[in-house]
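Student: Take this structure, written in structure tokens, and hold onto it; I'll ask about it next.
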């Protein structure tokens, strides 16, 4: 059984307006180490987390350095926090896997 290393990079929204609080994007399960790493021996992993800080962020995208990506499921709580989770497991390969997680604004289809 080989050990896989998952490095999680959290990125806020690409278009945060000046003067607004930077959104807090966190992975809650499994809890990453202080250096944002998660060790696992499994061939895939599910991630769950939360985002807070702005009402404009409605989508969460994850991308791996192994060529996989998907939008996460997002649900707003009564307190205004967005909970997110991967729809399916993230495939991992032996060695170091980098997963970047981004909070994105909801597209405005009215101006298309």
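Nothing in this text is a laboratory measurement; each read-out follows from the coordinates by a stated rule. Bear in mind the structure is a predicted one, so any value in this text is a computation, not a measurement. Heads up, the Cβs are rebuilt from the backbone with ideal geometry, glycines too, and the neighbour counts pull from every protein chain shown.
Student: Could you calculate the contour length gain from residue 81 to residue 26, that is, 0.36 nm times the residue separation minus the distance between their Cα atoms, to one decimal place in nm?
Tutor: Numbers: separation 55, 0.36 × 55 = 19.80 nm, distance 1.13 nm.
Full extension of this stretch gives 18.7 nm more.
Student: Right, here's the next one. Would you mind checking segment 84-103 for residues with the amide N under 20 Å from a putative spin-label position 7 Å along Cα→C-beta of residue 46?
Tutor: It comes to 84-93, 99-102, nothing else.
Student: What nm distance separates the two modelled labels at residue 37 and residue 98, each placed 7 Å from Cα along Cα→Cβ?
Tutor: With each label placed 7 Å out from Cα toward Cβ, I get 1.5 nm.
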